[in-house]
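Worksheet: one structure, shown below.
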Amino acid sequence: MTPATVNAIVVIGVSGSGKTTVGTAVAKQLAYEFCDADDLHSAHNIEKMSGGHPLTDEDRRPWLAAVGQRISETLARDDGVVVACSALKRSYRDILRHYEPTSFFVLLDGSEELILSRVTARTGSFMPPALLSSQFATLEPLGDEEIGVTIDVTQGSDAVVHQILRAVANGEAPPHDS
């Protein structure tokens with residue numbers, strides 16, 4: 001598998017793990033479109049999260065379908081896409097794989113303490129730090145049937161981007177490699 005054959009990369013993880021920063025950089029390096037899945041949330045979902053309430057699976061289904069549709073639409077134009085999307089559960093990623101079965105998942109992994117320090121330091125996000133523990137509780141590692149890698153975010157974002165590009169170029173599929 002080469003970068004030309006990996007056309008849909010989904011950067012996943014909890015809020016504050018670096019999905020948007022890393023995803024944007026990977027998209028730029030590959031000349032792919034970038035999509036921040038947060039931009040596809042309904043007003044109801046944003047209001048709910050802003051109020052400190054975690055989303056239910058029912059809340060997420062239409063959002064994940066919209067993300068999957070965006071992946072499909074982009075690939076239909078013969079463009080590659082990098083999506084930043086929490087996709088914390090396997091069942092959520094299954095919805096995305098329904099739209100693109102060969103999606104390459106990159107799970108950004110870090111300790112709750114590290115991620116909490118990032119979330120509390122940032123401004124302008126509708127995701128309050130109080131919801132982070134529920135995200136960690138929900139997070140499921142990549143399964144054997146999922147193509148992708150898990151990458152430790154304690155290193156700098158440039159190193160994370162480099163690891164992702166290397167994994168995509170090498171077609172690394174084992175989900176537990178970092």
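The values are calculated or read from the model by the stated rules, or taken from the named source; none is laboratory data. All values reported here derive from a predicted model rather than from experimental measurement. Here the Cβ positions follow ideal geometry from the backbone for every residue, glycine too, while neighbour counts run over all protein chains shown.
Below, the figures for the structure above:
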read-out: Residue among Ile115, Ile71 that is more than 11 Å from the chain's Cα centre (by Cα), within 16 Å of Leu139 (Cβ to Cβ), assigned to a helix (DSSP H, G or I) and among the aliphatic types (A, V, I, L, M); value: Ile115
read-out: Criterion (without any contact (Cβ under 8 Å) to a residue 40 or more places away in the chain, touching a Pro at 6+ places or on another chain (Cβ under 9 Å) and either part of a helix (DSSP H, G or I) or among the aromatic types (Phe, Trp, Tyr) (or both)) met by exactly one of Lys48, Lys28; value: Lys48
read-out: Selection status of Val14, more than 11 Å from the chain's Cα centre (by Cα), buried (at least 18 other Cβ atoms within 10 Å of the Cβ), at pLDDT below 95 and among the aliphatic types (A, V, I, L, M); value: no
read-out: Matching entry among Val6, Val26 (being at pLDDT below 90 and touching a strand residue (DSSP E or B) at 6+ places or on another chain (Cβ under 8 Å)); value: Val6
read-out: Looking only at region 25-53, and only at residues there that are of a type in the set (Ser, Thr, Tyr) and surrounded by fewer than 18 Cβ atoms within 10 Å (Cβ to Cβ), the one that is nearest to Val81 (Cα to Cα); value: Ser42
read-out: Residues (in contact with a strand residue (DSSP E or B) (Cβ under 6 Å, 6 or more places away or on another chain) and polar (S, T, N, Q)) located in region 36-95; value: Thr74
read-out: Qualifying position, being of a type in the set (Asp, Glu), at pLDDT below 95 and surrounded by 13 or more Cβ atoms within 10 Å (Cβ to Cβ), among Asp59, Asp144, Asp94; value: Asp59
read-out: Whichever residue in region 62-86 is out of contact with any Asp or Glu (no Cβ under 6 Å at 6 or more places or on another chain) and small (Gly, Ala, Ser) and, among such residues, is surrounded by the most Cβ atoms within 10 Å (Cβ to Cβ); value: Ser86
read-out: Test for Arg93: is it within 12 Å of the chain's Cα centre (by Cα), under 18 Å from Val6 (Cα atoms) and part of a helix (DSSP H, G or I); value: yes
